[in-house]
Amino acid sequence: MFKKLKEKLAGFTKSLDKTVEEKAVALEEPEIIVEEEVIIETDAEGGMSASEAETAAEIIAAALEEKAIESVRAVESDEKIGSDIEVAIEGTIEKEAPPFASEVPEAPETSASSAPAEPKKEKAGFFGKAKALIFDREVILDEGDLERPLMELEIALLESDLALSVTEAIVASVREQLSGTRKRIGKNTGSIVEDALKKAILEVMSANVFDFDAFLEQRRGQTVHIAFVGINGTGKTTSIAKIANRLQKNGYSVTIAAGDTFRAGAIDQIQIHADRLGIKVIKHQEGSDPAAVIYDALQYSKAHKSNVLLSDTAGRMHTNVNLMAQLEKICRVSTPDLILFVDEATAGNDAVLRASQFNDMVPISGTILTKLDADSKGGAAISIAYITQRPILFFGVGQGYEDLLKFDPEWFVEKIFED
């Protein structure tokens with residue numbers, strides 16, 4: 001699951017690792033020269049054993065480190081002296097008033113509340129970066145360091161079928177999180193990047209979350225009408241059967257309306273599922289008015305105190321004017337409590353576009369994404385809720401009635417990053 005997306009994100013991590021190593025080399029370029037000689041005594045013949053060589057290397061390393069620390073402290077001291085001189089000069093100037101001071105009108109005082117100072121994000125200068133490198137063996141990342149890796153991340157996300165606006169939101173979040181962070185040299189960058197990406201994707205996917213079970217529980221004792229819409233071949237009828245099975249196991253009584261009177265075999269298909277599950281189907285002849293079928297099913301459900309009515313509708317493209325007008329009529333005659341859009345996760349940006357277009361025509365309440373187990377990119381699942389501003393309710397992960405997962409953004413994000 002999400003194999004291609006994992007590969008793309010791994011590429012971003014490698015790119016950032018490379019940037020960190022390049023930056024470490026750049027900061028180390030100003031060499032600190034050790035002028036004192038480090039004398040290593042050898043035996044009379046001038047040879048040196050392995051243990052003596054190791055000891056000698058340690059002595060040299062210690063001398064270099066001590067000299068480096070002295071150099072940094074010297075620079076630090078010079079900066080402090082310069083700062084003290086500046087403060088002293090400023091104080092002297094303030095004390096000596098100009099000869100025409102009395103003629104100069106006093107500037108009006110500006111209160112702090114009238115002009116609030118904007119918080120500044122401090123950036124480490126070269127000295128701060130070098131100090132972190134020498135003492136802590138760390139590199140401080142700034143926006144310039146992130147530019148190339150983030151561009152690669154943006155391309156990777158777009159290639160994984162994420163919508164442009166969603167990609168931009170994720171990249172902006174990652175930039176904000178990583179800019180100014182410290183990366184220890186020699187340590188794997190993966191954990192820093194993974195945490196930033198997880199948070200960014202989670203923010204996008206959690207923008208709209210809806211608890212389907214809580215919604216139904218609040219309406220126990222009344223008939224809840226749920227209509228299913230979408231195009232042909234995306235698993236809409238199978239999803240209805242999965243939802244019906246789930247509802248029965250949770251103690252709800254269910255009725256199904258065979259509202260797809262347009263497609264040949266659609267009524268028989270839903271009837272087969274209903275027979276397997278022991279559910280009543282309200283149906284008319286093929287070609288009959290689907291609004292009438294669903295109206296009759298709703299009246300039957302109310303009369304028999306059925307908890308939930310699941311209404312199938314004909315698959316249609318938003319460009320089919322007649323079928324879209326028919327769908328609007330269904331929603332007008334038998335107003336659904338929920339309208340669920342069903343599409344394939346593997347359709348990528350096409351699924352996101354279709355969901356948006358259906359939402360414009362008949363406002364949807366949420367989405368069911370099927371075939372998630374076959375999705376190698378994950379773009380549709382990440383993008384669809386953000387674009388439509390409607391939640392994902394369920395994922396289809398197989399052909400069995402039990403192969404239905406309630407949407408959980410944290411579970412989804414963990415799946416992206418699991419080995």
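The table below gives the values:
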{"read-out": "Residues with amide H under 5 Å from that of H225, placed H, sequence gap 5 or more", "value": "L309, D337, L338"}
{"read-out": "In Hz, Karplus ³J(HN,Hα) per residue of the range 209-220 (6.51, -1.76, 1.60; θ = phi - 60°; x = Gly, Pro)", "value": "10, 10, 8, 4, 5, 5, 4, 5, 4, 5, 10, 4"}
{"read-out": "Carbon plus sulfur fraction of accessible area for the range 198-280, probe 1.4 Å, in percent", "value": "47"}
{"read-out": "Inter-label distance, nm, simple model (7 Å from Cα along the C-beta direction), D350/R148", "value": "3.7"}
{"read-out": "By accessible area with a 1.4 Å probe, ligands and nucleic acids excluded, highest first: order of K18, K6", "value": "K18, K6"}
{"read-out": "For the range 291-333, accessible area per residue (1.4 Å probe, heavy atoms of protein chains only), Å²", "value": "45"}
{"read-out": "Amide proton proximity set for R316, modelled H, under 5 Å, gap of 5+", "value": "G230, I231, N232"}
{"read-out": "Nearest-20 debye value, the range 149-300 charge dipole, Cβ charges on Lys, Arg, Asp, Glu", "value": "620"}
{"read-out": "Total formal charge among the other residues, if their Cβ is under 14 angstrom from that of L216, Lys/Arg +1 and Asp/Glu -1", "value": "+1"}
{"read-out": "The range 337-406 shape via C-alpha gyration tensor axes, a/c threshold 1.5", "value": "oblate"}
{"read-out": "Cα gyration tensor shape of the range 204-266, rounded if a/c is under 1.5, else prolate or oblate by comparing a/b with b/c", "value": "oblate"}
{"read-out": "Net +/- balance of residues flanking E402 in space, Cβ distance below 14 Å, scoring K and R +1, D and E -1", "value": "+3"}
{"read-out": "Carbon + sulfur, % of accessible area of the range 335-386 - ligands and nucleic acids excluded, 1.4 Å", "value": "45"}
{"read-out": "Y401 accessible area, assembled protein chains, probe 1.4 Å, Å²", "value": "50"}
{"read-out": "HN-Hα J in Hz across the range 334-348 - Karplus 6.51, -1.76, 1.60, θ = phi - 60°, x for Gly and Pro", "value": "10, 4, x, 6, 9, 10, 9, 8, 10, 8, 8, 5, 6, 6, x"}
{"read-out": "Exposure rank, largest accessible area first [F228, F417; 1.4 Å]", "value": "F417, F228"}
{"read-out": "Nonlocal amide H pairs with G366, under 5 Å, H built at 1.01 Å", "value": "I339, F341"}
{"read-out": "Pairwise label distance in nanometres, L164 with D213, each label 7 Å out on the Cα-Cβ vector", "value": "4.0"}
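The values are calculated or read from the model by the stated rules, or taken from the named source; none is laboratory data. It should be emphasised that the depicted structure is a prediction, and the values quoted were computed from it without experimental measurement. In this analysis, Cβ positions are derived from the backbone assuming ideal geometry, glycine residues included, and neighbour counts consider all displayed protein chains. Heads up: the accessible areas ignore ligands, DNA and RNA and are worked out on the full protein's heavy atoms, side chains in. Shrake-Rupley method; radii C 1.70, N 1.55, O 1.52, S 1.80 Å.
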